[in-house]
Amino acid sequence: MAASTSFRISEATRDRLASHAAREGTTATTLLDQLIVEGVEQRDYPGIGFRGPAHERRAALAGGPDVWEVVARLQELDGPEEERISLLAEETELHPRLIRLALDYAADHPDDVLARIQRNRAMAERSRTASRRREELLR
């Protein structure tokens, strides 16, 4: 539930916020809420950033893959956690510390991360099905 809170920000900051919100087709309040949430998350998880359009923001390793992509790949590997992390580090050249960071973030945000993994798997399956149907048509 939203609660009314009063903050004092400079006029220049308010104008920049309003301008950016207008470009994104949202309100300054919605954008400010998103920026606060993402800023707190970035302080809690240094090395995690956020990318994507306003309606589809997702956590990602700074300069690296999305968190959900890291977790999805870890799920595909076999073995104990540290073995999977080592395998993924070799495979991707991501430092094991960053892989652990992504895993820590995902552990605190499982609903979002697991939903993204599931959506991606469903889209991949739809694509495979469409490909098989096209092949059948051409036989």
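No lab work stands behind these numbers, since they all come straight from the coordinates. From a predicted model like this one, the values you see are computed outputs, not experimental measurements. Counting neighbours? That spans all protein chains shown, and the Cβs are built from the backbone with ideal geometry, glycine included.
With θ taken as phi - 60° and the Karplus curve 6.51 cos²θ - 1.76 cosθ + 1.60 applied, the whole-hertz 3J(HN,Hα) list for segment 19-29 is 5, 5, 4, 4, 4, 8, x, 10, 9, 4, 5 Hz, x standing for glycine and proline. Put the Cα centre of segment 68-139 next to the Cα centre of segment 1-52 and the gap is 29 Å.
Helix 81-92 axis versus longest C-alpha principal axis of the chain: approximately 90°, rounded to the nearest ten. The label-point distance for Ala89 and Ser4, in a model that sets each label 7 Å from Cα toward Cβ, rounds to 5.3 nm. Look at (i) 14.6, 51; (ii) 19.5, 68; (iii) 14.2, 43: the one that is Rg and Dmax of the Cα atoms in Å derived from this structure is (ii). With contributions of -39500 (n - 2.57) from each DSSP H run of at least four residues, the per-residue ellipticity at 222 nm computed over the chain stands at -22500 deg cm²/dmol.
Quick one: grab the alpha carbon gyration tensor of segment 60-105, order the square roots of its eigenvalues as a ≥ b ≥ c, and give me rounded if a/c is under 1.5, else prolate or oblate depending on whether a/b is larger than b/c. Prolate. Rounded, prolate or oblate: which one fits segment 63-137, using the alpha carbon gyration tensor with axes a ≥ b ≥ c (rounded when a/c is under 1.5, else prolate when a/b beats b/c, else oblate)? Note, shape of segment 63-137 comes out prolate.
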